[in-house]
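Single-structure report; data block below.
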Amino acid sequence: MGKLVLLFITSAFVSNVVLSRFLGLCSFVGVSKKIKTAVGMGLAVVFVIVIASAAANLVFDFILVPLDLTYLQTIVFILVIAALVQFVEMIIKKYSPGLYNALGVYLALITTNCAVLGVALTNAKEGYNLIYSIVYGLGTAFGYLVSITLLAGIRERMENNDVPKSFQGMPIVLITAGLMAIAFYGFSGLKL
Amino acid sequence: MSQQNKEKTSLLKPFINGLITENPTFVLMLGLCPTLAVTNSASNALGMGLSSTAVLVMSNLLISALRNIIPDKVRMPAYIVIVASFVTIVQFILQGYAPGIYESLGIYIPLIVVNCIILGRAEAYANSHSVGLSIMDGLGMGFGFTIGLFLIGAFRELLGSGTILGFKLTPASFEPIAIFVLAPGAFFVLAALTAIQNKFKLKSATNGSVTRSNLACGGDCLSCHGSICESNRDKLETTNSVTAKNDKKKED
């Protein structure tokens, strides 16, 4: 149990998926204008990554490893993830319109976000079993949710600030992300 | 002008376009994840750029050759399988012949699959042009990406550890600014780059002078250019404005 908690904290904060591993950066910059959208996106990422890491782990352990086909992992993972997200989207649309309204738009967006594939590949590389994979996925996605929400909060506040002309738009967002990365870098000093 | 000369210039055009006019790193701002992640040293940047180039050229070749065979409806999955296969091949070649680069690039090699540039070029160029042109486009874009990564990598390595490709270049009195080779430094360097582009109004996706910019296509790196993504983006923007309106109504 202790190990699992440790894995969660490590994946969420110490090696944060966006700020220290640069995965899922496009959506981090693109969908962080409003806190509301950022939270929606973050929750959808949590949802997809957890399901995808479980599915990818099952496929890896029970199909690829016994058949000695682990070299096909990149191809298989990306197809499994893409198919799975489509499938989940259809199910949610049919049985839970409320949830679909909340997450639907984002689900289609993150079918193949690099973070999702990144988690599946890391799980396979580290040889995590099903439970470890899910916890690792949950931690990573939680780290994403926290950082995109923080960035959106800062950006909302920055809207009325007097930013130098050439730094308006993209540069100031990157500077903000850089400062957040410094803050998160502090976690790497944690003696776990 | 002879026929042959004309053919030569038309083959050079997509190459120059990728290398300079629509440079993926500086102008289109595509492939942001690897741009930030592997530019902590010039050699990593070079390895990543060349691997991506190899994948891009091969996938452009095959997709362009199969463009009349692949049914339009399943083209995206087909492209993904093609790209993923080439990525796997490149991964094995690196593992066998350049284990050092393979180790230091780690997970970012398989992640070439979801690099916007590769599927973007497949969708925007290879599926509507001849094999020869597509190869040249792949080479141009690939080298443009490589040069972009190399310049950023060399800059960060020089400031962060005082070396380029491992050779000491700075005087002994220069204290390397370690933050430039760490994660935050990547953000700062890119911020400075885009700020300079804004300042001098250089053509770049980040200041809106390239209309088809899809840097912020909502996270779906895969289909950045032109395809599913844009409709998704519209959907997202309408949802945003609808919720904003609802909020306003509530406030009133």
Conditions (1) surrounded by fewer than 21 Cβ atoms within 10 Å (Cβ to Cβ); (2) assigned to a helix (DSSP H, G or I); (3) within 12 Å of chain B (Cβ to nearest Cβ): number failed by A:Asn123: (1)
Qualifying residue in the stretch A:71-87 (condition: touching a residue at least 60 places away in the same chain (Cβ under 8 Å) and within 11 Å of chain B (Cβ to nearest Cβ)): no
Pairs, first under 10 Å from B:Asn60 (Cα atoms) and not assigned by TED's automatic domain parsing to the domain that holds B:Val74 in the stretch B:123-136, second surrounded by fewer than 19 Cβ atoms within 10 Å (Cβ to Cβ) and modelled with pLDDT under 85, C-beta under 8 Å, six or more apart: none
One residue from B:Ser52, B:Ser64 being touching a Ser or Thr at 6+ places or on another chain (Cβ under 6 Å), in contact (Cβ under 8 Å) with a residue 24 or more places away in the chain and crowded, with 21+ Cβ neighbours inside 10 Å: B:Ser64
Helices (runs of 4 or more DSSP H) wholly inside the stretch B:1-92 that include at least 2 residues being within 14 Å of chain A (Cβ to nearest Cβ): B:32-37, B:42-65
Failed condition for B:Lys235, given (1) at pLDDT 60 or above; (2) surrounded by fewer than 21 Cβ atoms within 10 Å (Cβ to Cβ); (3) assigned to a helix (DSSP H, G or I): (1)
Qualifying residue in the stretch B:117-129 (condition: within 14 Å of chain A (Cβ to nearest Cβ) and on the phi > 0 side of the Ramachandran plot): no
In the stretch B:142-158, the residues that are of a type in the set (A, V, I, L, M) and more than 14 Å from every other protein chain (Cβ to nearest Cβ): B:Ile147, B:Leu151, B:Ala154, B:Leu158
Residue within the stretch B:6-19 that is modelled with pLDDT under 85, closer than 17 Å to B:Ile118 by Cα and charged (D, E, K, R) present: no
Single residue of the stretch A:1-53 satisfying the filter (more than 25 Å from A:Leu174 (Cβ to Cβ) and buried (at least 24 other Cβ atoms within 10 Å of the Cβ)) that is nearest to the other protein chains (Cβ to nearest Cβ): A:Val48
Residue match in the stretch A:135-143 (condition: without any contact (Cβ under 8 Å) to a residue 40 or more places away in the chain, of a type in the set (Ser, Thr, Tyr) and under 16 Å from A:Leu19 (Cβ atoms)): no
Condition check for B:Gly162: surrounded by fewer than 18 Cβ atoms within 10 Å (Cβ to Cβ) and either in the same structural domain as B:Asn44 (by TED's automatic domain parsing) or of a type outside the set (D, E, K, R) (or both): yes
Yes/no for A:Ile131 being out of contact with any Leu (no Cβ under 9 Å at 6 or more places or on another chain), modelled with pLDDT under 95 and in a helix (DSSP H, G or I): no
Residue satisfying all of: in the stretch B:160-182; in contact (Cβ under 8 Å) with a residue 24 or more places away in the chain and hydrophobic (A, V, I, L, M, F, W, C); nearest to the other protein chains (Cβ to nearest Cβ) among these: B:Leu182
Some residue of the stretch B:188-199 being over 21 Å from B:Cys33 (Cβ atoms) and at pLDDT below 85: yes
Flag if B:Ser173 is at pLDDT 90 or above, over 13 Å from the mean Cα position of the chain (by Cα) and small (Gly, Ala, Ser): no
The listed residue being assigned by TED's automatic domain parsing to the domain that holds B:Ala54, farther than 28 Å from A:Gln73 by Cβ and out of contact with any helix residue (DSSP H, G or I) (no Cβ under 7 Å at 6 or more places or on another chain), out of B:Phe174, B:Phe155, B:Phe150: B:Phe174
Lone qualifier among B:Pro77, B:Pro99 - being surrounded by fewer than 24 Cβ atoms within 10 Å (Cβ to Cβ) and farther than 22 Å from A:Leu84 by Cα: B:Pro99
Scan of the stretch B:93-116 for residues that are within 12 Å of chain A (Cβ to nearest Cβ) and either among the aliphatic types (A, V, I, L, M) or touching a residue at least 60 places away in the same chain (Cβ under 8 Å) (or both), ordered by number: B:Ile107, B:Tyr108, B:Ile109, B:Leu111, B:Ile112, B:Val113, B:Val114, B:Asn115, B:Cys116
Members of the stretch B:20-56 that are hydrophobic (A, V, I, L, M, F, W, C) and at pLDDT 85 or above: B:Leu36, B:Ala37, B:Val38, B:Ala42, B:Ala45, B:Leu46, B:Met48, B:Leu50, B:Ala54, B:Val55, B:Leu56
Within the stretch B:190-200, tally of residues that are surrounded by fewer than 22 Cβ atoms within 10 Å (Cβ to Cβ), part of a helix (DSSP H, G or I) and more than 7 Å from chain A (Cβ to nearest Cβ): 2
Residues of the stretch A:165-187 satisfying the condition of being exposed (fewer than 15 other Cβ atoms within 10 Å of the Cβ) and more than 8 Å from chain B (Cβ to nearest Cβ): A:Ala183, A:Gly186
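The values are calculated or read from the model by the stated rules, or taken from the named source; none is laboratory data. In this text the structure is predicted, and so the values were computed from the model without any measurement. With ideal geometry, Cβ positions are generated from the backbone for all residues, glycine too; neighbour counts draw on all protein chains shown.
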